[in-house]
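Shown next, in structure tokens, is the structure this report addresses.
The values are calculated or read from the model by the stated rules, or taken from the named source; none is laboratory data. The structure displayed is predicted, hence computed values, not measured ones. Here the Cβ positions follow ideal geometry from the backbone for every residue, glycine too, while neighbour counts run over all protein chains shown. In case anyone asks, the SASA skips ligands and DNA or RNA and just uses the protein heavy atoms, side chains included. Shrake-Rupley method; radii C 1.70, N 1.55, O 1.52, S 1.80 Å.
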Amino acid sequence: MTDAILVLEDGRVFRGESYGAVGETFGEAVFTTGMTGYQETLTDPSYHRQVVVQTAPHIGNTGVNDEDDESDRIWVAGYVVRDPARVPSNWRSTEDLGTRLARSGVVGISGVDTRALTRHLRERGAMRVGVSSVERDPQALLARVLEQPQMTGANLSLEVSTPEAYTVDAIGEHRFTVAALDLGIKRNVPRRLAARGVTTHVLPANSTLGDLLSVGADAVFFSPGPGDPATADHAVLLAQEVMKRSMPLFGICFGSQILGRALGFGTYKLGYGHRGINQPVMDRGTGKVEVTSHNHGFAVDAPLEGVADTGFGRVEVSHVCLNDNVVEGLRALDVPAFTVQYHPEAAAGPHDADYLFDRFVELVERPGQVRKQLINGGK
């Protein structure tokens, strides 16, 4: 094992051993509370430029495989674990996690007190960090950490988006066509739509309205993704053009923030964000509480009570996080558009919110009736 150090931008130092590739990496230190789904986390484009701290102490127990990746590569900038599995045990495993990280060039650190690190980030907020298994001097590493860009103001969509459009066909009978703007999409989104008879055309983040319309779209989807939504002006203007045409529109996570901005609301950075698969969210229309998967460091600044008047008619907050009252969904009452800040497509679970894809399909099929049901609390 090679010694490694982790240095936060406020000077806090953690020591451990290298895990994955030997080298040096920088990013924003964030923590995720999921006890499972680490392969999906690593390959989620929304974690681009972030050093992920796993709060669960044992990581890598089930190894990795060739089927569960959410994209074609690992996107995290670095990885921090306490006690990595020495030998994976699962019938689907094709490789151990440490080998996969090393093969992918992902610099990590193990043997770290991740509970203490998580408490520090909860108290001080997400911040820049460096992880190195080649540098021995914490002060030298700290100097390089302070040279790194902040996540606030980062425009990252084009860095993770597909360079060329591609299509995921419907399973069974084709019912509808959706144009999905790839701001950092995960593979399970078009899979969930395909299972409902939807053919999805995944388009680059810089696509135009003409590009969306050219695929014969019945509806539009704005995907999750990384970065600061305040920088995504192109996507905001595109969302407004879609709503002007009253096309059904659904946005998840970063896509929710984009639609929030398109409706006239602001966005802001959370102290340490929501990342994990155990976040309680209430659907205010039905009163149902869902356990949900989250990965967001920014949120929409919309009024929690009442109905807001916007340039596209009336809008209300549809979902709220029960931990901290952060806005977790928006519902437009006069145009066919809705959003959620969390991840109903989460392949690793939980699957409480999978019904939202049914709601999207129903919105395409019966826009007026579905909007009436949503306004009346699902009745």
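Could you point to the residue in Ala308, Val291, Thr62 farthest towards the positive end of the chain's charge dipole, with +1 and -1 charges on the Cβ of Lys/Arg and Asp/Glu respectively? Most positive-ward Cα: Ala308.
Counting pairwise Cα distances across the chain, what percent come out greater than 39 angstrom? Result: 16 percent of Cα pairs exceed 39 Å. Shown here are the Rg and Dmax of the Cα trace of segment 148-236, at 13.8, 50 Å. Full extension of the segment from Leu213 to Ile171, taken as 0.36 nm per residue of separation minus the current Cα-Cα distance, would add 12.9 nm. Compared with the alpha-carbon gap, the fully stretched path from Ser104 to Gln150 is longer by 14.1 nm at 0.36 nm per residue.
Taking the protein heavy atoms of the chain in the context of the full set of protein chains, the accessible area attributed to carbon and sulfur is 46 percent at 1.4 Å. Within the listed set Ile109, Ile171, Ile252, the residue fluctuating most in the Gaussian network model of the chain (springs between alpha-carbon atoms under 10 angstrom) is Ile171.
Karplus-based coupling profile of segment 145-151, in residue order and whole Hz: 4, 5, 7, 6, x, 6, 6, with θ = phi - 60° in 6.51 cos²θ - 1.76 cosθ + 1.60 and x standing for Gly or Pro.
Beta bridges assigned by DSSP with both partners in the chain are antiparallel in approximately 60 percent of cases. Dividing the summed -39500 (n - 2.57) terms of all DSSP H runs of n ≥ 4 by the residue count of the chain sets its mean residue ellipticity at 222 nm at -6500 deg cm²/dmol.
Database remark: amide H of Ala219 closer than 5 angstrom to the amide H of Thr177, Ala179 (H placed geometrically; neighbours at sequence offset of 5 or more, or on other chains; Pro and chain starts carry no H).
Less than 5 angstrom separates the built amide H of Glu328 from those of His319, Val320, Cys321, all sequence-distant by 5 or more or on a different chain. Specify whether the C-alpha gyration tensor of segment 266-363 places it in the rounded, prolate or oblate class, a ≥ b ≥ c being the square roots of the eigenvalues: rounded for a/c under 1.5, otherwise prolate if a/b is larger than b/c and oblate if not. Note, shape of segment 266-363 comes out oblate. The heavy atoms of His174 present about 90 square angstrom of accessible area, all protein chains included, probe 1.4 Å. Each residue was assigned an accessible area with a 1.4 Å probe, and for Met35 the value is about 150 Å².
Scattering from segment 311-360 was approximated by placing one identical point on each alpha carbon and applying the Debye formula without solvent; log10 I(q)/I(0) at 0.22 1/Å stands at -0.87. Build a GNM of the chain with springs between Cα atoms under 10 Å apart, and of Thr94, Thr25, Thr118 the one that fluctuates most is Thr94.
Each residue of segment 219-233 was assigned a 3J(HN,Hα) from its phi angle through the Karplus curve 6.51 cos²θ - 1.76 cosθ + 1.60 (θ = phi - 60°); the sequence is 7, 10, 10, 10, 7, x, x, x, x, 8, x, 5, 8, 8, 5 Hz, with glycine and proline shown as x. Springs between alpha-carbon pairs under 10 angstrom, Gaussian network model over the chain: which of Leu263, Leu304, Leu193 fluctuates most? Result for the chain, Cα springs under 10 Å: Leu304 fluctuates most.
Magnitude of the charge dipole for segment 289-330, about its Cα centre and with charges confined to Cβ atoms of Lys, Arg (+1) and Asp, Glu (-1), is about 80 debye.
By definition, a body whose alpha carbon gyration tensor gives a ≥ b ≥ c is oblate when a/c is 1.5 or more and a/b is not larger than b/c, and segment 81-182 fits this oblate description. Evaluated with a Cβ-only charge set (Lys, Arg +1; Asp, Glu -1), segment 1-158 carries a dipole of roughly 440 debye about its Cα centre, given to the nearest 20.
Magnitude of the charge dipole for the chain, about its Cα centre and with charges confined to Cβ atoms of Lys, Arg (+1) and Asp, Glu (-1), is about 600 debye. Relative contact order for segment 209-363: 22 percent, from Cα pairs under 8 Å spaced at least 6 residues apart, divided by residue count. What aspartates and glutamates sit close enough to Lys244 to cross-link, taking a C-alpha to C-alpha distance under 12 Å and skipping anything fewer than 8 places away on the same chain? Of all the aspartates and glutamates, those that pass the test against Lys244 - Cα under 12 Å, at least 8 places apart if same chain - are Asp334. By definition, a body whose alpha carbon gyration tensor gives a ≥ b ≥ c is oblate when a/c is 1.5 or more and a/b is not larger than b/c, and segment 40-79 fits this oblate description. For segment 69-74, the Karplus equation 6.51 cos²θ - 1.76 cosθ + 1.60, evaluated at θ = phi - 60°, returns couplings of 4, 8, 7, 8, 6, 7 Hz by residue, with Gly and Pro reported as x.
Partner aspartates and glutamates whose Cα lies under 15 Å from the Cα of Lys288, excluding those fewer than 8 positions away in the same chain, are identified as Glu328, Asp352, Asp354. A simple count of charges around Gln150, restricted to other residues whose Cβ falls under 10 Å of its Cβ and scoring Lys, Arg +1 and Asp, Glu -1, yields -1. Sequence-distant contacts, meaning Cα pairs under 8 Å at least 6 residues apart, place the relative contact order of segment 177-277 at 28 percent.
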